[in-house]
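This report concerns only the one structure given below.
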Amino acid sequence: MHVDPRLRPPRLAETTPTGLADCAAEPIRTPGAIQPHGWLLVLDPMDCGLLAFSDNQDQPRARSAIGLLDPQRLRSLVPDALPVGLGALVLDGERFDVSAHRTRQHCVVEFEYATDGPGDDAPLYRLTRSFLPRLQRAGELNELARLAAAEMKCLTGFGRCLVYRFDAAGHGEVLAEELDPGYDSYLGHHFPAADIPPQARELYLLNRVRLIADADYTPVPLAALAPELATEAVDLSQAQLRSVSPVHLAYMRNMGTLASMSVSIVIDGRLWGLISCHHHTPRRLSLPLRRACEHLGELLALSIQSNEVTSSARSSLALRQLTLELVAQLSDSDASLQQLVAHPSQLLRLTQSRGAAVVRDDQLWTTGEVPGDDQIQALANWVAGLGVTVYESSALAQHFGQAPIPHAAGVLAISISQVHRHLILWFRPEIVTTVTWAGDPRKAEPGGDGHIHPRASFASWVETVRGRSLPWSAEEVGAVNELRQALIGIVLRRAEEVAEMATELGRVNKELEAFSYTVSHDLRAPMRHIAGYVDLVVDAEGGQLSERARKYLANVKEASVFSGKLVDALLEFSRMSRSALKVRSVNVGVMVEGLVRELSRHERASQVEWQIAPDLPALQADPLLLQVAVRNLMANAVKYSRTRTPPRITIRPVRRADGDGIEVEDNGVGFQMKYVDKLFGVFQRLHAAEEFEGTGIGLANVKRIVERHGGTVYAHGEVGHGARFGFVLPRPAADPHLDSRTGDLLA
Amino acid sequence: MLKPILLVEDDKRDLELTLIALERSQLANDVVVMRDGEQALDYLRREGPHADRAEGNPAVVLLDLKLPKVNGIEVLQAVRGDAALRAIPIVMLTSSQEEADVLRSYELGVNAYVVKPVAFDQFVSAIADLGIFWAVLNEPPPGSLKVSRRGEP
């Protein structure tokens with residue numbers, strides 16, 4: 001960077017005991033002195049009596065100046081209000097621009113030597129007529145800043161006009177500048193916050209235009225008439241002529257600037273930025289012209305504010321649209337949070353992120369560029385532990401207190417539930433930025449003499465900033481918060497729907513029960529009547545009936561008895577899922593023996609050659625239901641093997657990794673394996689009804705019983721070569737082997 | 001003299017079949033038929049149209065579960081709540097296999113619960129068993145013995 005040849009050493013800084021560290025304590029509001037481009041009177045606000053005056057004036061002249069003022073006007077000044085222009089006055093042939101204001105204690109009247117300057121004629125009118133319409137047409141912030149810098153340059157004739165903005169940390173960034181040849185460019189440069197101490201920033205709010213006409217000026221002290229008045233106690237914070245800090249003057253000289261003026265840009269009562277003007281040589285601006293500059297600052301502030309509001313509203317609207325789309329998709333689906341990553345583009349666009357993750361307790365779904373699962377879970381844990389609904393950071397590593405996480409320099413997170421760990425996180429990658437400072441900001445350190453000196457160099461100094469992502473905008477944070485509200489709404493609605501469904505299911509179950517009851521009672525009765533009366537007819541009239549009539553009646557009876565059995569079987573089937581299991585250990589060997597005896601009472605089972613393994617397992621089951629299942633399998637085997645000579649049925653144990661059970665094998669008609677899945681369905685039959693009797697519910701019952709015990713059924717068959725049906729029930733959780741081990745441990 | 005059997009049945013076909021079954025079981029007891037629960041209670045309490053019947057309780061009540069006006073469960077409840085009637089053996093005779101009915105009946109102290117078999121020959125033998133047990137073997141203490149029953153919990 002080109003260094004101004006007239007850059008001077010910081011003279012004042014060396015002669016003053018005030019170091020930069022003391023800047024914050026410096027009495028800049030009450031310096032007890034003024035700049036010499038005018039003079040000043042301190043009056044008693046009640047009687048307008050002279051209390052003090054600047055040393056560049058004598059007492060008689062001061063008193064004659066008071067004679068020119070309207071005491072009524074002075075008395076009507078309101079304390080702490082902005083200075084009021086009193087117009088131009090001529091004293092001893094010299095013309096002055098006069099202004100006055102009230103402090104809490106005093107009335108201060110300032111006389112500035114009137115000047116003619118560039119663009120002096122009706123500057124306010126010019127602003128309104130041409131500058132304001134241009135501002136209104138400008139689209140974005142940088143354009144507004146550029147227009148303001150150009151207008152300020154034109155209005156004041158300063159060699160360099162900068163518009164800069166303060167960031168959250170108080171550092172200034174130059175957005176626009178307008179330069180004369182020979183002036184260094186600061187566009188895009190950053191000024192460290194330390195350049196402007198806090199109490200100076202306060203003054204920027206109070207006094208919107210500050211002019212330093214000549215950095216080499218000699219301060220004019222105030223002279224008090226009354227010995228009890230300490231001139232250092234006179235509040236000059238609103239005074240146009242107020243003398244400024246010697247450190248600041250040194251800073252100006254270091255910068256090669258002998259005249260400066262700054263106009264505050266105040267938005268919503270906060271110092272948003274400054275319009276800063278510099279000149280290589282001393283320069284003065286008349287009071288009316290400075291008023292116009294102040295007005296320019298206000299117009300710019302209003303435009304920026306309206307621009308911010310508009311663009312914030314526009315982006316909020318766009319984000320709300322995205323939120324709505326996400327929520328609509330979610331409520332169309334099963335509403336599980338997982339669905340969010342099914343639409344990654346919207347989810348990522350919502351926050352301008354590169355990656356996102358949905359965390360539901362221990363489950364995790366991600367999309368885009370994200371850290372590792374473990375890292376996300378650890379981060380989710382930490383965020384959940386903060387107890388906030390929305391968390392945002394653009395420098396995560398600094399806050400998370402862990403090593404930087406890849407893809408997650410910045411994170412934005414919402415917590416959906418207070419009870420569960422349900423979070424959605426968005427990630428932004430690291431953006432390595434370079435910041436060009438107007439001089440190395442780190443130079444603001446104590447020098448060898450223990451004092452802090454103002455910066456001597458304004459040469460560009462480039463800093464590389466790492467570990468940061470782009471910041472999350474207020475609109476983005478607002479949008480995810482809105483998404484969070486909507487998600488909570490959906491979750492609540494789903495919970496209600498589930499509850500409704502449960503109620504409905506309960507009602508349907510009750511109806512089904514009533515239906516079963518009706519079937520069991522009202523359908524069995526007519527079946528019984530048909531069977532009974534047919535028997536009576538055959539008993540009473542059998543001898544006189546034809547062979548054919550007897551055969552028909554036998555069919556009627558058989559059909560009605562079968563219907564009765566069907567009703568019983570159906571009822572049993574429906575009851576199977578309703579009654580509670582009473583599980584205990586069942587000796588299957590004993591059960592099978594009993595069933596063999598029971599089945600053998602019917603003549604067709606008496607031929608069966610039973611081969612029963614001696615080591616059938618003990619099973620954990622409801623004894624009654626297990627018996628129904630085993631009886632069904634054995635009766636089935638008897639039924640389908642009765643055409644064999646001899647029918648042979650084998651019952652053997654099954655021991656598998658998932659449990660124990662038994663298998664019943666016969667040498668009967670078998671079945672085609674392609675129908676194996678149909679075997680266990682209700683009313684599934686693979687044989688013509690007249691060939692093998694049965695209700696078609698037996699195997700469905702077996703399956704339902706086994707499954708209610710948490711087990712599985714299976715079947716193998718070969719047409720003409722028999723079938724194998726078996727089931728396996730899970731072993732009880734308390735494995736005896738495990739018990740003994742535990743016992744050892746306890747012992 | 002043998003005590004009568006009280007049969008409470010509203011369905012006329014069930015009534016006829018039951019009477020035939022009782023007849024075939026060759027019991028000597030008279031069978032008194034009531035067609036609903038209200039009549040049955042009047043008979044047992046010797047009230048209303050039965051105010052002047054001879055004293056004494058029946059040997060056994062064969063009680064259908066589903067009855068008009070006062071149903072079987074309510075009759076059972078009334079009998080068990082009446083000191084004069086409490087000892088009468090009551091057999092529920094019904095089509096229903098519903099667990100809830102069975103449980104309720106046993107809670108109320110039924111002596112037996114018989115689901116009517118569909119096949120007539122089985123029905124006849126069930127009735128015969130019942131008759132022989134309750135009518136011939138005199139009166140055992142209520143609830144101490146149970147006969148062939150199905151649908152027990």
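The values are calculated or read from the model by the stated rules, or taken from the named source; none is laboratory data. Values in this document were obtained by computation on a predicted structure and should not be read as measured data. Heads up, the Cβs are rebuilt from the backbone with ideal geometry, glycines too, and the neighbour counts pull from every protein chain shown. What goes into the accessible areas is simple: the full protein's heavy atoms, side chains included, and nothing from ligands, DNA or RNA. Shrake-Rupley method; radii C 1.70, N 1.55, O 1.52, S 1.80 Å.
Tabulated data
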item: Residue check, residue A:104 surrounded by fewer than 20 Cβ atoms within 10 Å (Cβ to Cβ), in a strand (DSSP E or B) and basic (Lys, Arg); result: no
item: Residue within segment B:80-96 that is surrounded by fewer than 23 Cβ atoms within 10 Å (Cβ to Cβ), within 14 Å of chain A (Cβ to nearest Cβ) and of a type outside the set (Val, Ile, Thr) present; result: no
item: Flag for residue A:682 being part of a loop (DSSP other than H, G, I, E, B), modelled with pLDDT under 90 and under 60 Å from the mean Cα position of the chain (by Cα); result: yes
item: Qualifying residue in segment A:495-515 (condition: within 14 Å of chain B (Cβ to nearest Cβ), within 30 Å of residue A:561 (Cα to Cα), surrounded by 12 or more Cβ atoms within 10 Å (Cβ to Cβ) and small (Gly, Ala, Ser)); result: no
item: Residue identified as touching a strand residue (DSSP E or B) at 6+ places or on another chain (Cβ under 7 Å), more than 9 Å from chain B (Cβ to nearest Cβ) and under 30 Å from residue A:642 (Cα atoms) among A:609, A:558; result: A:609
item: In segment A:649-675, residue nearest to residue A:720 (Cα to Cα) [restricted to those that are open to solvent by 70 Å² or more (accessible area, probe 1.4 Å) and assigned to a strand (DSSP E or B)]; result: A:652
item: Complete set of residues in segment A:543-557 that are open to solvent by 60 Å² or more (accessible area, probe 1.4 Å) and touching a helix residue (DSSP H, G or I) at 6+ places or on another chain (Cβ under 8 Å); result: A:550, A:556
item: Leading residue by the ranking (surrounded by the fewest Cβ atoms within 10 Å (Cβ to Cβ)) among those in segment B:16-27 that are under 16 Å from residue B:130 (Cα atoms) and within 14 Å of another protein chain (Cβ to nearest Cβ); result: B:23
item: Condition met for residue B:124 (open to solvent by 10 Å² or more (accessible area, probe 1.4 Å), among the hydrophobic types (A, V, I, L, M, F, W, C), on the phi < 0 side of the Ramachandran plot and within 12 Å of another protein chain (Cβ to nearest Cβ)); result: yes
item: Given (1) open to solvent by 40 Å² or more (accessible area, probe 1.4 Å); (2) in contact with a Gly (Cβ under 9 Å, 6 or more places away or on another chain); (3) at pLDDT 90 or above, index of the condition residue A:205 fails; result: (3)
item: Elements of type strands (runs of 3 or more DSSP E) contained in segment A:310-425, each with 3 or more residues being crowded, with 16+ Cβ neighbours inside 10 Å and touching a Ser or Thr at 6+ places or on another chain (Cβ under 6 Å); result: A:410-415
item: Subset of segment A:472-494 [open to solvent by 50 Å² or more (accessible area, probe 1.4 Å) and within 30 Å of residue A:429 (Cα to Cα)]; result: A:474, A:481, A:482, A:485
item: Selected residue [open to solvent by less than 60 Å² (accessible area, probe 1.4 Å), at pLDDT below 80 and touching an Asp or Glu at 6+ places or on another chain (Cβ under 8 Å)] from A:457, A:469; result: A:457
item: Test: residue in segment B:28-42 that is within 26 Å of residue A:534 (Cα to Cα), more than 13 Å from the chain's Cα centre (by Cα), more than 14 Å from chain A (Cβ to nearest Cβ) and of a type outside the set (A, V, I, L, M); result: no
item: Test for residue B:101: is it open to solvent by 10 Å² or more (accessible area, probe 1.4 Å), within 14 Å of another protein chain (Cβ to nearest Cβ) and free of Cβ contacts under 8 Å to residues at least 24 places away in the same chain; result: no
item: Conditions (1) open to solvent by 50 Å² or more (accessible area, probe 1.4 Å); (2) more than 60 Å from the chain's Cα centre (by Cα); (3) among the small types (Gly, Ala, Ser); (4) under 30 Å from residue A:622 (Cα atoms): number failed by residue A:540; result: (4)
item: Answer from A:175, A:135, A:147 - the residue that is at pLDDT 90 or above and within 37 Å of the chain's Cα centre (by Cα); result: A:175
item: Matching residues in segment A:42-53 - criterion: being over 13 Å from residue A:103 (Cβ atoms) and either within 60 Å of the chain's Cα centre (by Cα) or not small (Gly, Ala, Ser) (or both); result: A:46, A:47, A:48, A:50, A:53
item: Single residue of B:66, B:12 found to be out of contact with any Gly (no Cβ under 9 Å at 6 or more places or on another chain), open to solvent by 10 Å² or more (accessible area, probe 1.4 Å) and within 14 Å of chain A (Cβ to nearest Cβ); result: B:12
